[in-house]
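Let me begin by presenting the structure, written as structure tokens, before commenting on it.
No lab work stands behind these numbers, since they all come straight from the coordinates. Nothing here was measured: the structure is a model prediction, and the numbers come from that model. Here the Cβ is made from the backbone with ideal geometry for all residues, glycine too, and neighbour counts use every protein chain on show.
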Amino acid sequence: MTHRIIVTGAAGFIGSNIVRGLNARGITDIIAVDNLTQADKFRNLVDLQIADYVDKTEFYEAFAHGRYGAVDTVFHEGACSDTMQHDGRYMMSNNYAASRALLDACVERGTRLLYASSAAVYGASERFVELPEYERPLNVYGYSKLLFDQLVRRRLHGARSQVAGFRYFNVYGPGEQHKARMASVAWHHYNQFRERGRVELFGAYGGYGPGEQRRDFVLVDDVVAVNLWFFDHPRHSGVFNLGSGRAQPFNDIAHAVVNALRARAGQQELSLQQMVDEHLVSYIDFPDTLRGKYQCFTQAELHSLRSVGCDHAFADVARGVRSYIERLPTQG
């Protein structure tokens with residue numbers, strides 16, 4: 001069976017990895033949608049097989065009018081993911097209004113929609129369950145994602161095709177090099193260590209010791225695997241957490257990155273304390289700009305994901321970061 005697929009945000013981090021995952025299955029009838037104003041994102045598409053590329057400014061109206069023929073599934077990864085973006089009108093237009101138009105068109109045309117939500121919807125919550133009482137975004141980015149999730153929940157009963165949203169936690173892995181400050185901690189640590197010979201983490205904040213703030217870090221390979229599981233199981237719709245189910249300290253990321261780079265250089269592994277003692281890992285004051293806007297703890301509760309039968313096994317930080325570093329360049 002052939003599938004015509006659309007991937008929005010296809011030149012981005014998660015979108016390009018989804019295209020790669022589809023290509024690995026022999027699926028190449030893929031329309032890639034993105035905005036290449038930031039031109040260096042093209043690098044994520046170079047070794048991928050797609051049928052066409054469409055600028056996002058042309059896409060939404062054209063899709064609504066059926067210009068791309070019979071489309072099986074849209075993987076909607078396109079969004080403004082800058083949590084520090086303060087232009088609320090831009091954020092709501094880009095993340096909510098465009099997604100709403102896409103949902104309307106998919107429901108009308110019977111096209112399946114698998115889309116990116118975010119753990120930012122939980123904000124200040126201490127639990128991370130897909131229920132309204134735990135949804136407390138701290139910024140307009142989180143709100144833009146929550147508002148669309150709420151719309152999806154209202155529309156699910158009337159939809160004749162699959163609609164599934166995934167609340168991504170802290171995703172890391174190949175293909176994120178263009179994201180600048182919004183790239184993963186693992187990417188920043190990799191670059192810091194290569195450029196300065198040390199890694200910097202935030203000091204004590206929010207009741208957590210230096211580098212001990214905890215996040216649910218999830219390898220992009222696992223994110224792709226779950227998206228493709230839902231692609232294979234079209235009867236399952238809803239809004240689902242997509243994280244590893246583990247809360248691990250930032251110290252674990254630094255420890256894994258430094259040891260992976262030391263292994264590459266033929267050096268022995270060190271403990272975290274040894275790294276601190278040798279000034280390979282250091283701590284800086286928590287920035288004032290993030291106070292009150294920062295999630296010190298996230299951990300995906302995976303009951304909803306498991307309840308529909310998705311039993312994918314997620315990599316922990318030690319294994320996932322090592323896999324990531326092994327795929328990053330040794331020079332340049």
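Please work out the Cα convex hull volume for the range 190-332 and give it in Å³ per residue.
Per-residue hull volume (Cα only) is 141 Å³.
Which shape class applies to the range 1-44: rounded if a/c is under 1.5, otherwise prolate when a/b exceeds b/c and oblate if not, where a ≥ b ≥ c are the square roots of the Cα gyration tensor eigenvalues?
Prolate.
Ratio of Rg to Rh for the range 98-170, alpha carbon only, Kirkwood?
0.99
As a test, work out the antiparallel percent of DSSP beta bridges whose residues both lie in the chain, rounded to the nearest 5.
Given both bridge residues lie in the chain, the antiparallel proportion sits at roughly 10 percent.
What does the highest-first list of 166-176, 225-235 look like by mean Cβ count within 10 Å?
Top to bottom by mean Cβ count within 10 Å: 166-176, 225-235.
Counting only helical runs of four or more DSSP H residues, what would the 222 nm mean residue ellipticity of the chain come to if each run contributes -39,500 (n - 2.57) and the total is spread over all its residues? Mind showing how you got there, number by number?
Details: 11 runs with 113 residues, N = 332.
Only helices count here, giving -10000 deg cm²/dmol.
Answer rounded, prolate or oblate for the range 4-97, using the Cα gyration tensor with square roots of eigenvalues a ≥ b ≥ c: rounded when a/c is under 1.5, else prolate when a/b is larger than b/c, else oblate.
Taking the square roots of the gyration eigenvalues as a ≥ b ≥ c, the range 4-97 is oblate.
Once you have a ≥ b ≥ c as the square roots of the Cα gyration tensor eigenvalues for the range 286-332, tell me rounded if a/c is under 1.5, and otherwise prolate or oblate according to whether a/b is larger than b/c.
Verdict is oblate for the range 286-332.
Take the Cα atoms of the range 163-256, find their three principal axes, and give me the spread along each one in whole Å, biggest first.
The Cα atoms of the range 163-256 stretch 49, 31, 20 Å along their principal axes.
Tell me the net charge near LEU328. Cut-off is 12 Å between Cβ atoms, LEU328 excluded, with +1 for each Lys or Arg and -1 for each Asp or Glu.
Charge balance near LEU328 sits at +2.
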